[in-house]
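A.B. asks: I'd like to ask you about the structure that follows.
Just so it is clear, none of the values below were taken in a lab; they were calculated from the coordinates. Bear in mind the structure is a predicted one, so any value in this text is a computation, not a measurement. So basically every Cβ, Gly included, is an ideal-geometry build from the backbone, and we count neighbours across all protein chains shown.
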Amino acid sequence: MPRGNPGVGRNYIKTSMLMAFLIAVLAIGGSVWGGHQGMLLFGSIGLVFNFASYWFSDRIALMMHRAQEVSREQLPQVYDIVERLARKAGLPMPRVYVIPSETPNAFATGRNPSHAAVAVTQGILRILDPRQLEGVLAHELTHVRNRDILISTIAAAVAGLISSLGHAIQWGAMLGGFSRRDDDRGGSVIEMLAWAILAPLIALVVQLAVSRSREFAADAGGAELVGDPEPLAEALLALERGNEALPYQYGGPATAHLFIVNPLSGVGGKMLSLFSTHPPVEERVRRLREMRRGVRYA
């Protein structure tokens with residue numbers, strides 16, 4: 001059994017809890033927005049969104065990042081590496097996408113290995129050598145093998161929707177579009193402003209619910225898949241420098257956790273590192289290089 005598979009069941013439980021959490025948050029937000037009718041409306045939206053996010057979350061994530069599917073003829077180097085690694089990992093061949101961005105990064109998405117996709121930016125193809133690129137793609141395929149991609153993709157969609165709800169309520173309160181009526185328990189302006197502040201924080205908590213430990217596990221699995229941890233270690237350092245110099249322009253914070261390194265590491269400085277969905281690159285590199293000396297982590 002491939003390493004990491006014992007966590008597959010836990011990922012499905014987390015996904016179910018995340019979906020239930022979304023319905024609850026939307027119902028509460030709907031109540032603030034429009035009383036009982038708003039609660040029913042937004043609760044129903046949550047049910048529909050859960051269905052759509054499960055079946056179409058990969059397409060949504062790829063569309064958010066303007067990713068375009070490519071064939072072997074269009075991108076033979078990446079396609080060949082992914083095909084070889086997928087065969088070695090015992091996985092179906094995922095679809096391959098390219099994101100039109102010079103920021104070097106990559107992510108995997110999909111609800112299961114049979115519906116997986118791997119996306120790389122144009123920038124990562126320019127700065128990494130083939131061996132480093134292989135390490136990155138092995139990391140992403142480990143996420144696919146460990147079933148990390150379902151909860152990661154749904155978390156991105158959920159965080160984005162909750163943030164959008166907060167912005168909508170904020171604008172409604174600012175424009176005076178909501179008022180308390182005696183026959184409806186709609187929220188007051190103060191309640192709506194409070195919700196507008198809380199919604200982005202809730203979205204952040206949703207992102208952080210995607211454990212940082214999954215990145216360590218994917219690093220270790222990717223290194224084992226390649227047979228050498230050094231290429232991935234070198235790639236992580238190069239990617240961090242690239243993202244600090246040129247922050248990613250698509251998707252926003254809601255989808256930052258999808259990527260192999262934080263695409264917004266150059267935004268906000270080191271103070272935001274406490275809220276990062278990624279463990280520090282220095283720690284990841286240290287662990288990878290200690291693999292060569294036989295150091296194991298739980």
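A.B. asks: Can you order the peptides 60-71, 115-126 by their average number of other Cβ atoms within 10 Å per residue, highest first?
C.D. replies: 115-126, 60-71
A.B. asks: Which ³J(HN,Hα) values in Hz, rounded to whole numbers, follow from the phi angles of region 49-60 under the Karplus curve 6.51 cos²θ - 1.76 cosθ + 1.60, where θ = phi - 60° and Gly and Pro get x?
C.D. replies: Karplus-based 3J(HN,Hα) across region 49-60 equals 5, 4, 4, 5, 5, 5, 7, 10, 4, 5, 5, 4 Hz.
A.B. asks: Using per-residue counts of other Cβ atoms within 10 Å, averaged over each peptide, order 102-114, 226-238 from highest down.
C.D. replies: On the way: 102-114: 22.3, 226-238: 20.3.
Final packing ranking: 102-114, 226-238.
A.B. asks: Could you work out how far the C-alpha centroid of region 82-157 sits from that of region 211-264, in angstrom?
C.D. replies: Here the answer is 11 Å between Cα centres.
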